[in-house]
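The values are calculated or read from the model by the stated rules, or taken from the named source; none is laboratory data. Every value quoted in this text rests on a predicted model; they were computed, and no experiment measured them. Quick reminder, even Gly has a Cβ in these numbers, built from the backbone with ideal geometry, and neighbours come from all protein chains shown. Remember, those area values only see protein heavy atoms, side chains included, never the ligands or the DNA or RNA. Shrake-Rupley method; radii C 1.70, N 1.55, O 1.52, S 1.80 Å.
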Amino acid sequence: KGSIGKVGLDGKVINNDWVTGLNAPKGLTLTKNTLWVADIDEVVGVDIKSGKITHHIKIDGAKFLNDMTSDKKGTLYVSDSQGKTVYVIENGKPSLYLQDLQGPNGLLVYNNSLYVLDRGTLYKAGKDKKLQKVSEGMEASTDGIENVQGNEFIVSCWSGVIYYVNADGTTEQLLDTREDKINSADIGYDPKTRTVYVPTFFKNNIVAYQLQ
């Protein structure tokens, strides 16, 4: 019974059920005119202009598909948090890309490398698929990742913590809403306004923060 809503940058809901017919949609990524959605054990493609579902890509063996990212060529990457793997989808065909992780979630293609959040640690995987540790010691429920500038990132944790990851791998805690039991799930970032969009999940709202 999952759906995708559309919300204006002014915070007003445009369409709460812009796309329906999904199960439990999570990570999103956009390639040209197609919005790709991780939906439990498949990746669903949506035409961005019409809001109609155009593709269903089933991933055999997937348990809990979570975040998505894509590169300039349109190659898709999707994490399977329960399966402890990352899949790649090229020309509509999925295959295993990374395995034997702890619980991968947030993914980001940046500067020809795939960045992977895996239970408190941020890794970078080059074309050889070898993992290089970028930053560690974050709260274990690392969820979303966005690039700010250079090799600096914003990382959210499901539990309610948001970090700024510096280029040298050190981290600064920007937000902690754990005591208020407010989650910070997969984030969005607008570089033009330096706005971080944080879905609170169970609180049923989105909070926008200005990055200073």
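Quick notes on this one:
- Computed over protein heavy atoms with a 1.4 Å probe, the accessible surface of the chain works out to 54 Å² per residue.
- Over the C-alpha atoms of the chain, the Rg to Rh ratio, Rh being the Kirkwood estimate, stands at 0.94.
- Extension gain for Asn33 to His55 (0.36 nm times residue separation, less C-alpha to C-alpha distance): 6.7 nm.
- Percent carbon-and-sulfur accessible area, the chain, ignoring ligands, DNA and RNA, probe 1.4 Å: 46
- Cα gyration tensor category, rounded, prolate or oblate, for segment 120-211 with a/c compared to 1.5: prolate
- Under 23 Å from Lys1, Cα to Cα: lysines that are on another chain or at least 8 residues apart: Lys12, Lys26, Lys49, Lys52, Lys58, Lys63, Lys203
- Per DSSP, loop GluC sites (Glu not before Pro) in segment 93-176 with at most 16 further Cβ within 10 Å: Glu136
- Sorted on the mean count of surrounding Cβ atoms within 10 Å across their residues, most packed first, peptides 107-116, 5-14 read 107-116, 5-14.
- Using all pairs of distinct alpha-carbon atoms, the Kirkwood hydrodynamic radius of segment 1-120 works out to 14.6 angstrom.
- Cβ-Cβ FRET estimate between Tyr164 and Thr20, R0 fixed at 30 Å, reported to 0.05: 0.25
- Neighbours of Thr75 by Cβ distance under 14 Å: Lys/Arg scored +1, Asp/Glu scored -1, total +4.
- Gyration tensor (Cα) of segment 32-93, equivalent ellipsoid semi-axes in angstrom: 19, 13, 9
- Here Ile206 sits with roughly 100 square angstrom of accessible surface, probe radius 1.4 Å.
- 10 °C / 1.306 mPa s Stokes-Einstein diffusion coefficient of segment 52-144, Kirkwood radius on C-alpha pairs, µm²/s: 119
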